[in-house]
Amino acid sequence: MFVDHADNPILKPSKEGWDCKSAAFGSVVFADGYWRMFYSGKDEGRVLGWKIGAAVSRDGEKWFKHGSPVLEGTRYLWDRNSIHAPVTWREDGKYRMLYTGIGSDLAIHYIGCAESTDGVSWSKRYSPCFHDYRLHDAEAWCLLPRKDDYILLYNTLIQNPREVHVASTKNFESWTMAEAPLLPSTGGKDDLGYYKYCANMVVHNGWYYIAAAMSNSTYHKNAIGLWRTKTLDVHPEYLGVIIQRDQPWKAGEVDTPWIVPMGGNRMRIYYSGRIYSPPFEDDDEAARYRVWKLGLAEGTFE
């Protein structure tokens, strides 16, 4: 059973500035005695315009934001219009990040790489490090380092149905992409499992545990579920819903789970929520409700 933090949402948009409309899609790293969160923020209701910010915490519950974005799109380059979905981990004394970038075409997404020694000043690779030419609009949500390689989980944003795919690499140059989705669409367009997206994964006691958002085609049915598997060559076992839209701040949609093992059988899940769900009409005021915030829940692996 997963229990929401009493102070949810634990990270909100600022009253003004670059992240005054949304603060969401967080990845969390514990290093050097501090929790560090890297999140997506923007100051407009439109789809593009995301930037990446940072926050720090002593306990992973109360967060203090860095005042300005730590990573944003580069003029004239492939990520110039928007960057979001930071996937961050610690390796060889550095923070490393994958992020999703968008140029002039909303339907084409690329995955970029960046690294930092302090989590504030980042150096980007000036060309994408991953793109699935079969899907075009792939977003990366999880990077799991293993002994001999790295495992990437990603999904489509616009192409339907949204499904979770897996790829592996040894060097972030050459990738092997699985032919079939790891978490495929199930049921019809009105079923909760029709879309699966924004997946995160950890290893615990020899099992891969995967948390992912799922919804029907209109997002009016939506929750975060949990799966597990011994190998990524087969479809994982579904364990059930762990996070629902049961509070006003997340009544529209929940997604982007980030799993943090807490020792023993315990885990934390950071996730995003918003009060209004798609589809949106271009000529109404629905865009003002596209406010994402970050929440925290705690539970167990078994």
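The values are calculated or read from the model by the stated rules, or taken from the named source; none is laboratory data. Being a predicted model, the structure only gives us computed values, none of them experimental. Here Cβ is always computed from backbone atoms with ideal geometry, including for glycine, and neighbour counts include all displayed protein chains.
For segment 168-181, the condition of being over 28 Å from Ile275 (Cα atoms), under 18 Å from the mean Cα position of the chain (by Cα) and not in a strand (DSSP E or B) holds for at least one residue. For segment 162-182, the set of residues classified as within 18 Å of Met201 (Cα to Cα), touching a residue at least 40 places away in the same chain (Cβ under 8 Å) and surrounded by fewer than 18 Cβ atoms within 10 Å (Cβ to Cβ) consists of Met177, Ala178, listed by residue number.
You will find that of Leu226, Leu192, Leu152, the residue that is surrounded by fewer than 23 Cβ atoms within 10 Å (Cβ to Cβ) and aliphatic (A, V, I, L, M) is Leu192 and no other. Residues in segment 78-95 that are touching a residue at least 24 places away in the same chain (Cβ under 8 Å) and either within 20 Å of Ala55 (Cβ to Cβ) or under 18 Å from the mean Cα position of the chain (by Cα) (or both): Asp79, Ser82, Ile83, His84, Ala85, Pro86, Val87, Thr88, Trp89, Arg90, Tyr95.
For segment 126-144, the criterion of being at pLDDT 95 or above, among the charged types (D, E, K, R) and either assigned to a strand (DSSP E or B) or under 23 Å from Trp227 (Cα atoms) (or both) is met by none of the residues. On the stretch given as segment 256-290, residues that are at pLDDT below 95, of a type outside the set (S, T, N, Q) and touching a strand residue (DSSP E or B) at 6+ places or on another chain (Cβ under 6 Å) total 1. Of all residues in segment 62-82, those satisfying the criterion of being part of a strand (DSSP E or B) and either of a type in the set (A, V, I, L, M) or at pLDDT below 95 (or both) are Leu71, Ser82. Is it the case, given these coordinates, that Gly101 is over 27 Å from Gly299 (Cβ atoms) and not polar (S, T, N, Q)? Yes. The sole residue among Gly240, Gly187, Gly206, Gly252 that is surrounded by fewer than 17 Cβ atoms within 10 Å (Cβ to Cβ) and either modelled with pLDDT under 95 or of a type in the set (A, V, I, L, M, F, W, C) (or both) is Gly187. When each of His66, His84, His5 is tested for being closer than 30 Å to Phe301 by Cα, in contact with a strand residue (DSSP E or B) (Cβ under 9 Å, 6 or more places away or on another chain) and surrounded by fewer than 19 Cβ atoms within 10 Å (Cβ to Cβ), the lone residue that passes is His5. Restricting Lys42, Lys12 to those that are out of contact with any helix residue (DSSP H, G or I) (no Cβ under 6 Å at 6 or more places or on another chain), surrounded by 13 or more Cβ atoms within 10 Å (Cβ to Cβ), touching a residue at least 60 places away in the same chain (Cβ under 8 Å) and charged (D, E, K, R) reduces the list to Lys12.
Can we say Asp118 is out of contact with any Cys (no Cβ under 6 Å at 6 or more places or on another chain) and either under 21 Å from Ala180 (Cα atoms) or surrounded by 19 or more Cβ atoms within 10 Å (Cβ to Cβ) (or both)? No; evaluated as a whole, the condition is false for this residue. Of Ile111, Ile158, all but one fail to be modelled with pLDDT under 95, out of contact with any helix residue (DSSP H, G or I) (no Cβ under 8 Å at 6 or more places or on another chain) and farther than 19 Å from Leu232 by Cα; the exception is Ile158.
Take the conditions (1) exposed (fewer than 12 other Cβ atoms within 10 Å of the Cβ); (2) over 17 Å from Val29 (Cβ atoms); (3) out of contact with any Leu (no Cβ under 8 Å at 6 or more places or on another chain); Glu91 misses just one of them, which is (2).
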